[in-house]
Amino acid sequence: MEALYDFINNLPWWLWLMLLLLIIAIRDIFQGKHTISHNFPIIGHIRYLLESIGPELRQYLVANNREELPFNRIERSWIYASSKNENNYEGFGTDRDIYAHQHVFVNNAMIPFKMEKDHPNKIDKYFLPCAKVMGGNYNYEC
């Protein structure tokens, strides 16, 4: 027993580190919850670490939450939460510029007005009024 104790005490620090990484890699390979950790055992943890400190990095270094394409960070986090059956609700606040040109804003109406029977939206609920072209009073038939 003393020989085993001496052997363990004489192991160099880098071998302990390698043993720890080997244990983490074996655990990652046999777990089924996270695909990235399963496919990339050690490097997957670095990805999750960078994702957790992502808001702080983007705040000063890269981009804000709505500048990435084809899906920005807000949309991607909603998709991730939806795919994992987690809470995908967003709060009332926003980081969008609501005073920007052509920003679409839907205002709640607790008691909306009653439409008349001959109103275009009463007849066709998908009707959208369009702007008149300046100087154009032509009636084109498609």
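Please treat every number below as a calculation from the coordinates, not as lab data. Just so you know, these numbers come straight off a predicted model, no measurement behind them. All Cβ positions, glycine included, derive from the backbone under ideal geometry; neighbour counts span all protein chains shown.
General remarks:
- Couplings 3J(HN,Hα) for the stretch 108-121, derived from phi with the Karplus relation 6.51 cos²θ - 1.76 cosθ + 1.60 (θ = phi - 60°), are 5, 10, 5, 10, x, 6, 8, 7, 6, 5, 9, 5, x, 6 Hz, where x marks Gly and Pro.
- Radius ratio Rg over Rh of the stretch 1-121, counting only Cα atoms, Kirkwood formula for Rh: 1.28
- Other residues lying with their Cβ under 13 Å from the Cβ of residue 88 contribute a combined charge of -1, Lys and Arg counting +1, Asp and Glu -1.
- Scalar couplings 3J(HN,Hα) for the stretch 10-22, obtained by applying the Karplus form with A = 6.51, B = -1.76, C = 1.60 to θ = phi - 60°, are 8, 5, x, 4, 5, 6, 4, 5, 5, 5, 5, 5, 5 Hz; x denotes Gly and Pro.
- Using a Förster distance of 41 Å, the FRET efficiency for residue 79-residue 3 (Cβ separation, nearest 0.05): 0.15
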